[in-house]
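The structure appears right after this line, and notes come after that.
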Amino acid sequence: MKKNILTAKYCIFTILSAFTIISCDNVLNQDPVDSFNEESLFQDVNLVEAFLFQCYDQIGSNNKDDANVLGMREDLLSSSTDELLNIHRAGNVTFTKGTLSPSYLGHFGDTRFSWITWDSNYSNIKNVNTLLDGIDDVPTKTSVDEAKIKQIKAEAYFIRAFNYTNLLRSYGGVVIVDKKFNLDDDFLAPERATLQQTQDFILSDIDRALADLPLKSDIAQGRATKGAAAALKSRLLSFVSGELTNGGYEPSNALVSFPGNSRNEKLLAAKNAAKDIIDGKYGRYALTGSTDNPPASLTDEDVRAYTANFESIFLQKGEWNDEIIFGVQYLNKQGNSASNNLFWGPNGYSCWGNNEPIEDLVRKFEMKDGTPFQWDKYSPGEMNVRVFTKEQADADPERNPYLGREPRFYATVLYDGAPWRERASTGNNVQIGHDIAGAGSRLIGKNVSEVMSEISGLESVTVGGEDSRSAAKQAWNGTKTGYYLRKMLDITIDGEVDNNENAWIEMRYAEVLLDYAEACIELGEIEEGINAVNLIRNRAGLPDRPSAASQAQAREWYRHERLIEMLAEGDRWYCIRKWMICSDAIKNFHPMYIYHFNDGVSLYVHNTQTIADSRTWNDRQYWLPISITEMNKAPQLTQNPGY
């Protein structure tokens, strides 16, 4: 039976408290547990387990005051891609600005993205190495103690593999440290290992973890399992099978590329790693909801049901379902807290509006029948302006660009008119558009330049929506793109005052299926790859893609599916790099402006005259640089190419 859910911090508190109360023969003759050293640490298995929980806590940050580990942060990694905009600190997202350098890392060198960075990962690797160095000396009294030691070691290997996987996917080959540091060590001796050596070291740790980790049913939620280790292996092998590491960038540099022509071998390994999970070798995992082909014509009720099912994956507060492989539970009563509603919610609800979806992305969501969304459907060739009267919208509601879309759109994006938390003044809907006391019919047929010129003269009769940048409440937090993020937000809580308790899902079964699909398609096994893609589409309420497709078409479909399915989860930053498509993905983009006139005309303008965020791509940024601080500490290290 599954054990009670625990968070790492709660586990530390519980075990340390229990140790002070019941440990050893004389309870009065004990050192304080909040100041134990290594000598005392390795005298008791419970203290070693408590130290392990500290390693879990620091997977995402080496800052003990930083409670929000991994991805549940104010600034999402996805804002470093073509998915989202960080409206408060866009300049610090150096990856999209072309300004990333060893002396200026921005978020890639501070606590915002600390689970990626060099110093944070090595800080935790140091902790894990300390644990592994001393754990075999811990006295055991029973077979239960021996089993606990064995499991703790396996979890430690998983954590180290997790940290090194983050390092490899950010920097390439890195310094391999597999033992505890001593004062007399020569810290100017270590060199960076090759990409191949780094991968092999991680896989060795994963194999050690797989050997002794329990299944998910036999360990507290949030701790490593066989499934988590297997999913980490799939994630690693999927990344290293991409174009980036197989001669796509600096092919002769062994720090960032594999030698020779070994990509098919990498793809086969990635396919097999994912297939082991799909086949249930490491426990039962499955997509949430039905994977049957959906009805040919979805009703509004069908769309709501598929939407609610997809939403539910990211709002889990109790026992996780079978889609979740590894994550972090946020429970206020147990000391972990997150504030995604506050960080990302609309400003009109007194939230901060960060990480906003981009118009180009919004257009990629399909219609509910699986056909592509077509902005210029009603005015061929006009890609920036969509305008319609009330009578036209009544006759064909899909003139509104946000109606008739696929279920994942409604679970992912808050748009003008989207249903949200109770607010009588807007009918409980998000209000991003502006109301204009005037006639809009005269704007029908005009282009973006003409429309915006006319709008500029109507400022005196224009009232901004309650969730716009013209709102009376917190206008500075209003959307710059025309949208807010919906995914991972909990409609039942008030973000202004309440913390979120839904889990951060670090690895889930959909990612495994996508890894499998990619490997199959790249190996030329098109039908098998499309079948995996279709499981994810069907779960989302979309019809099958035909399996009789060219490799190029299958690749396009697969990459589209991954973008939509994994949006805002951080996956995209790794994908656009491993596929080497950053020059296409990192580009300037423009805001969506919406106006509702009192004659019933509605106007949607992708205002290409205004830049919502100016972005520049630089090829050297396919790999992060080692900071100048780290290079000064260890000048023998080789910097990544281009820096």
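The values are calculated or read from the model by the stated rules, or taken from the named source; none is laboratory data. Keep in mind the model is a prediction, meaning the values are calculated, not measured. When we count neighbours, we look across all protein chains shown, and the Cβ atoms used for this are built from the backbone with ideal geometry, even at glycine. We work out accessible area using only protein heavy atoms, side chains counted, and drop any ligands, DNA or RNA first. Shrake-Rupley method; radii C 1.70, N 1.55, O 1.52, S 1.80 Å.
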Enumeration of residues in region 518-527 that are surrounded by 17 or more Cβ atoms within 10 Å (Cβ to Cβ) and acidic (Asp, Glu)
GLU518, GLU522, GLU525
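Say whether the condition of being more than 22 Å from LYS446 (Cβ to Cβ) and either at pLDDT 95 or above or buried (at least 20 other Cβ atoms within 10 Å of the Cβ) (or both) is met by at least one residue in region 373-381.
yes
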The one condition in (1) within 30 Å of THR462 (Cα to Cα); (2) free of Cβ contacts under 8 Å to residues at least 12 places away in the same chain; (3) aliphatic (A, V, I, L, M) that ILE581 fails to fulfil
(1)
Region 38-142: helices (runs of 4 or more DSSP H) wholly inside it with 3 or more residues that are under 28 Å from ARG508 (Cα atoms), out of contact with any Gly (no Cβ under 6 Å at 6 or more places or on another chain) and of a type in the set (Phe, Trp, Tyr) are 45-57
Answer with yes or no whether PRO401 is closer than 25 Å to ALA305 by Cβ and surrounded by fewer than 15 Cβ atoms within 10 Å (Cβ to Cβ).
no
Tell me, yes or no, whether region 612-620 has at least one residue that is outside any loop (DSSP other than H, G, I, E, B) and in contact with a helix residue (DSSP H, G or I) (Cβ under 6 Å, 6 or more places away or on another chain).
yes
Counting only residues that are open to solvent by 40 Å² or more (accessible area, probe 1.4 Å) and more than 11 Å from VAL303 (Cα to Cα), region 404-433 contains a total of 9
Between LYS275, LYS271, which is open to solvent by 40 Å² or more (accessible area, probe 1.4 Å), under 27 Å from GLY227 (Cα atoms) and in contact (Cβ under 8 Å) with a residue 40 or more places away in the chain?
LYS275
Mind counting the residues in region 601-632 that are in contact with a strand residue (DSSP E or B) (Cβ under 9 Å, 6 or more places away or on another chain) and closer than 25 Å to LYS446 by Cα?
10
Near pairs, Cβ below 7 angstrom, 6+ apart or cross-chain, from region 208-223 (farther than 16 Å from ILE324 by Cα) to any residue that is surrounded by fewer than 17 Cβ atoms within 10 Å (Cβ to Cβ) and charged (D, E, K, R):
ASP212/LYS150
Output for region 436-482, where each listed residue is of a type in the set (Asp, Glu) and in contact with a helix residue (DSSP H, G or I) (Cβ under 7 Å, 6 or more places away or on another chain):
GLU454, GLU466, ASP467
Answer residue from region 148-169, given it is among the aliphatic types (A, V, I, L, M) and in contact with a Ser or Thr (Cβ under 9 Å, 6 or more places away or on another chain) and is surrounded by the most Cβ atoms within 10 Å (Cβ to Cβ) among those:
ALA161
Return yes or no: is ASN336 in contact (Cβ under 8 Å) with a residue 60 or more places away in the chain, outside any helix (DSSP H, G or I), open to solvent by less than 20 Å² (accessible area, probe 1.4 Å) and touching a His at 6+ places or on another chain (Cβ under 6 Å)?
no
Condition check: part of a loop (DSSP other than H, G, I, E, B), surrounded by fewer than 21 Cβ atoms within 10 Å (Cβ to Cβ) and under 22 Å from the mean Cα position of the chain (by Cα). Does GLY283 satisfy that?
no
Just one of GLY260, GLY289 is in a loop (DSSP other than H, G, I, E, B), in contact with a helix residue (DSSP H, G or I) (Cβ under 8 Å, 6 or more places away or on another chain) and either open to solvent by 50 Å² or more (accessible area, probe 1.4 Å) or of a type outside the set (D, E, K, R) (or both); which is it?
GLY289
Within region 501-523, does at least one residue satisfy the condition of being over 29 Å from GLY242 (Cα atoms) and not hydrophobic (A, V, I, L, M, F, W, C)?
yes
For region 303-315, pairs from a residue that is under 10 Å from MET488 (Cα atoms) to a residue that is open to solvent by less than 40 Å² (accessible area, probe 1.4 Å) and of a type in the set (Gly, Ala, Ser), with Cβ under 7 Å and 6 or more apart or across chains, are GLU311/ALA411
If you go through region 599-615, how many residues are open to solvent by less than 20 Å² (accessible area, probe 1.4 Å) and aliphatic (A, V, I, L, M)?
3
Tell me whether region 350-357 contains one or more residues that are modelled with pLDDT of 95 or more, open to solvent by less than 40 Å² (accessible area, probe 1.4 Å) and of a type in the set (Ser, Thr, Tyr).
yes
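Across region 571-610, what is the number of residues that are of a type in the set (Gly, Ala, Ser) and assigned to a helix (DSSP H, G or I)?
Total satisfying the criteria: 2.
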In region 28-57, how many are modelled with pLDDT under 90 and open to solvent by less than 70 Å² (accessible area, probe 1.4 Å)?
5
Residue pairs within 6 Å by beta carbon, gap of at least six or interchain, first lying in region 142-158 and over 22 Å from ASP200 (Cα atoms), second open to solvent by 20 Å² or more (accessible area, probe 1.4 Å), listed first then second, are GLU146/THR140; LYS150/ASP212
The condition of being over 26 Å from GLY345 (Cα atoms) and β-branched (Val, Ile, Thr) holds, among ILE493, ILE455, ILE505, only for ILE455
Please enumerate the residues belonging to region 216-238 that are open to solvent by 10 Å² or more (accessible area, probe 1.4 Å) and within 13 Å of GLY283 (Cα to Cα).
LYS216, SER217, ASP218, LYS226
Give the residues of region 90-146 that are charged (D, E, K, R) and open to solvent by 40 Å² or more (accessible area, probe 1.4 Å), sorted by residue number.
LYS97, ASP110, ARG112, ASP119, LYS126, ASP133, ASP136, ASP137, LYS141, GLU146
Report whether or not PHE365 is assigned to a loop (DSSP other than H, G, I, E, B), touching a residue at least 60 places away in the same chain (Cβ under 8 Å) and surrounded by 20 or more Cβ atoms within 10 Å (Cβ to Cβ).
yes
